[in-house]
1. If I ask for residues that are open to solvent by 30 Å² or more (accessible area, probe 1.4 Å) and assigned to a strand (DSSP E or B), which ones from region 488-511 would you list?
2. Quick test for you: out of Val152, Val120, Val135, pick the one residue that is at pLDDT 90 or above, open to solvent by less than 50 Å² (accessible area, probe 1.4 Å) and in contact with a His (Cβ under 7 Å, 6 or more places away or on another chain).
3. Would you say Ile686 is touching a Leu at 6+ places or on another chain (Cβ under 9 Å) and open to solvent by less than 10 Å² (accessible area, probe 1.4 Å)?
4. Checking Leu458 against (1) open to solvent by 40 Å² or more (accessible area, probe 1.4 Å); (2) touching a Leu at 6+ places or on another chain (Cβ under 8 Å), only one condition comes out false. Which one?
5. For region 561-573, give me the residue count where each residue is open to solvent by less than 30 Å² (accessible area, probe 1.4 Å) and either over 19 Å from Val601 (Cα atoms) or among the aromatic types (Phe, Trp, Tyr) (or both).
6. Failed condition for Arg132, given (1) assigned to a strand (DSSP E or B); (2) under 35 Å from the mean Cα position of the chain (by Cα), with all others met?
7. For region 356-386, name all the residues that are within 16 Å of Val407 (Cα to Cα), surrounded by fewer than 18 Cβ atoms within 10 Å (Cβ to Cβ) and over 44 Å from the mean Cα position of the chain (by Cα).
8. For residues that are of a type in the set (Ser, Thr, Tyr), in a helix (DSSP H, G or I) and either over 14 Å from Met669 (Cβ atoms) or without any contact (Cβ under 8 Å) to a residue 12 or more places away in the chain (or both), tally how many sit in region 722-773.
Amino acid sequence: MTFFQYATCTKEEIEQYLDTTLSHGITDSSAEKRLRDNGLNEITADRVSRWQIAIRQFKSPFIYLLLCAAGIVSIIGEYIDASVIVGFVAINTLLGFYQEYRSEQSLRALQQFISPRASVLRDSSWHIIDSRNLVRGDIISIRTGDLVPADVRILDADQCIVDETTLTGESIPVQKISDSLKEIPNSLYESHNLCFSGTSVVGGSAVAVVVKTGTETAMGKIASLTVETTKESEFSRGIGRFSSFILRLILVTLVFVFVVNLLIKGEGADLLQLLVFCIALVVSVVPEALPVVTTVSLSRGALMMARQNVIVKRLSAIEDIGGIEILCSDKTGTLTENTLQVTDLSPGADPDLMFYASLTVSERKEKTEPFDIAIDKKVKEIPGGDNSTLTRLAEIPFDPGRRRNTVLVHSESETFMVVRGAPEVLIHLSCSLTDEVRDRLNTWIFEKGQAGQRTIALAKKNFPSVKESLTPDDEKDLRFLGMIAFTDPIKPSTFHAIQKAKQLGVQIKIITGDSPLVAGAVGKEIGLIDDPGHVLSGADLLEIPVDTRARTILDHAVIARVTPEQKYEIIEILQKTHTVGFLGEGINDAPALKLAGVSMVVESASDIAREAADVILLAKNLEVIIDGIQSGRAVFANSIKYLKATLASNFGHFYAIAIGSMFISFLPMLPLQILLVNLLSDFPMITIATDTVDEAEIEKPGKYEIKGIVLIATLLGVVITVFDLMYFAFFFHQGEPVLQTNWFIGSILTELVFLFSIRSRLPVYRAKRPSGYVMVLTGIAIVCTILLPYTIFGQVIFHFSPPTMMHLGIILGLVGAFFVCSELVKTMYYRYVADL
């Protein structure tokens, strides 16, 4: 039998199915046998070991690329360069290991929601045992403050109220009953006589029988989904594709250059010198500064987001945030305030309606029921609302079957009863209402329902004499007092956030455990949907064929009454075609959080949700996320700038030097000089992480589109190759040192000014001004490049020859001409080619 089927069973049937006796419990020997057969009542799932996590950090083409580069430079004696590259790999590996290891701690956080001790009936005696030793058929007792230790069926309830927020997302605690249900519940929300592992008792007490334990519980299933779910970020996928492309291109080109040089030079080729030269060329193409650029860029992004009350746990999530196309969020507490407020009274309501409502509020000092809290707050705002002179004589607690609660009150002049409950129930029990009044009240109820507001009704009955007890039979011939409407107010910032999201091209989807009526009303009010009835429910989702389910989910901006498994399925479907961000906070959100491309939680979220998340929001506000998306796009834009700049520059120089080497008997640039070009040009490129970003760059979600990056880099790389060959044409007849020195200076200066062109889609005179760091470090690199050949150090170590003023003028003239050409090619590309 499924757990839900036990909701309809009688107590006799439960005894039969679970082989237990409700009055005596099971025996110790039977408990030991069941424990051996079914295992402990604890959450277990396939966990990933530390070694597996560590090995996973090296499964990246980019890591292979960097390690190959480190090996190559160490072969030719450049141990410092090798150490720097290995250092980059070590830092990134350690960061990746730490982040993944922290993520795998989700299971430990989940285990905190299994109560460590339980009161159980065995062999006719009550005992306190470790809850991990509970078995099917055990009779247990739960009371206020307890965590429910297993999935149980209620046998006897005394005003038992359970907070199921951790599983359902529903903020209102649920009253539990012991009666059998007439129909098998379809979801957690309808399970009025079932309690679920990990939920908490906030009022009353109950005796229950254990039906499911360990991984068979609702909490256990969430654990399996959460811990066994792995994801690869969009950032990692993008870098992986880029690295694979570079690796293949380098290997093909390297073989080509080596073979062609051998064919052209024949027996006169120096094989060792040619091999070292080719190795240096390979290293010059590897974007070894990429980890530094991304780390600096992501760290700056993290600091910016921290100022916006967003704490980033996984650095690479910053770029992923910028790529979000669909943002899925719960309604309660994010779009709304998560507090009920009294908004209206029904037409013709009794003037003292709120006073009567206050008599039905719980007498506990710390109130947990949202309606009680809202009524209590409203009454305190009304002068003369004090009811302390009245005495509460008796009470019939709220029952989901009766849908009302009743209190008996005595004052100096009268004894009367106040009933609070579902409007349709109290209208039916108030026989004095005319048909016209009933129609008017029902119309008001319908209007408030359409607006997403909750309503309760109150009625009164006077007794001629003092009465000390109540029975359900007393709830007849009531005098209808009126109705109260409640709403969970929408945060003012939500409206602006929704508009901003539309401008950024981000779709917002509400995925909530709340009712379709309330969720639809909120969706309409904030502008997500035009029709409040255009809501997809969890029950509807189950009826939709699998092949059309994805289309249906994409077509609905509001999805209500969903289970944790359905949230997981929704995120899984959306992520097949989009980059998805998911904002959650409860245990029920943990599997979807672990799966989502970018997972976000609020600071007050459950421990398991916080562990599974990439980002923690200190302010429970949708606008904070939208601002974070803008910051993420800026970070992404700067990373793309570096990729375009380094790809075009490196391959432009690579092909020019390779081609030049075929036409002269000496090397056009020494291996050490090639590595120095790489170092000096990457030095200011690192600061691109601090650069300003044009508004157009953040209007759309960012993606690693290898085709687009390679196309623009190839076009501009050809321009660089052409101008590099001009340096070759001007200086190759001047001799080996002159060509090598002047080409060295020209290559670096070309690459440095190229950075100011490629950093923006706009012409340089219309683009935002570069950051101060870019300007300063570029200036330093230019000065070092020009002065180094004139120093003893440059001449002895790097074999430079001081350039003449005429040569320097030619170099600067070519650099200026290159900048103009690169601007023209870039402008034409973005105007005529980029959007094809």
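1. Correct list: Gln507 only.
2. Working: Val152 fails: in contact with a His (Cβ under 7 Å, 6 or more places away or on another chain); Val135 fails: in contact with a His (Cβ under 7 Å, 6 or more places away or on another chain).
None of the others qualify; the one that does is Val120.
3. On the way: touching a Leu at 6+ places or on another chain (Cβ under 9 Å): yes; open to solvent by less than 10 Å² (accessible area, probe 1.4 Å): no.
For Ile686, the condition - touching a Leu at 6+ places or on another chain (Cβ under 9 Å) and open to solvent by less than 10 Å² (accessible area, probe 1.4 Å) - is not met.
4. (1)
5. 1
6. Looking at each condition in turn, Arg132 falls short on (1).
7. none
8. Residues of region 722-773 that are of a type in the set (Ser, Thr, Tyr), as a first pass: 727, 741, 747, 750, 757, 760, 765, 771, 773.
From what is left, the residues that are in a helix (DSSP H, G or I) are 727, 741, 747, 750, 757, 773.
Now restrict to residues that are either over 14 Å from Met669 (Cβ atoms) or without any contact (Cβ under 8 Å) to a residue 12 or more places away in the chain (or both): 757, 773.
The number of residues fulfilling the criteria is 2.
The values are calculated or read from the model by the stated rules, or taken from the named source; none is laboratory data. Note that the structure is a prediction, hence the values are computed from the model and not measured. Neighbour counts run over all protein chains shown; Cβ positions are idealised from the backbone, glycine included. Accessible surface areas use protein heavy atoms only, side chains included; no ligands, DNA or RNA. Shrake-Rupley method; radii C 1.70, N 1.55, O 1.52, S 1.80 Å.
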